[in-house]
1. Those residues that are surrounded by 10 or more Cβ atoms within 10 Å (Cβ to Cβ) and modelled with pLDDT under 80, I need them from the range 8-39; list them, please.
2. Can you tell me which of 109, 91, 42 is at pLDDT below 85 and touching a Gly at 6+ places or on another chain (Cβ under 9 Å)?
Amino acid sequence: MKNLPNPAAKDGFIRGGPAGSVLARHSLAILVGAGLLMMLVLSQLGENGIVSWFHLVSREKQLREEVTALEQQNRELSERLEALENDPWALEKIAREEQNMHRPDEEVLMVLPPDEQTR
């Protein structure tokens, strides 16, 4: 006997055919899952995503280090200012070393490094 195709049901659908593949049976769930996964990935690459967060964390660390260095420099400058206000010898030292100043009765000798040609 020959296998005859299943007749159509009264509502027009053929029933009792071979089982479909897993992909065909679960295609809606797979599409929804893929869409949600794509939305998740795209949201993490945007302005408020994880990549942006890592950039902000590294920038915060850099700025904190910069603040620490500036606070240290500020302390050193404050100490130097206080020394210049209260210690006349410190003021004289700065005037001599940085401004090349001297007293009227003094002569200033400057020692220059040797030239490359005279070596």
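The values are calculated or read from the model by the stated rules, or taken from the named source; none is laboratory data. The structure presented is a predicted model; accordingly, all values stated were derived computationally and were not measured. Every residue, glycine as well, gets a Cβ built from its backbone with ideal geometry; the counts of neighbours run over all protein chains shown.
1. 8, 9, 14, 20, 25, 26
2. Values: 109 fails: touching a Gly at 6+ places or on another chain (Cβ under 9 Å); 91 fails: touching a Gly at 6+ places or on another chain (Cβ under 9 Å).
Of 109, 91, 42, the one residue that is at pLDDT below 85 and touching a Gly at 6+ places or on another chain (Cβ under 9 Å) is 42.
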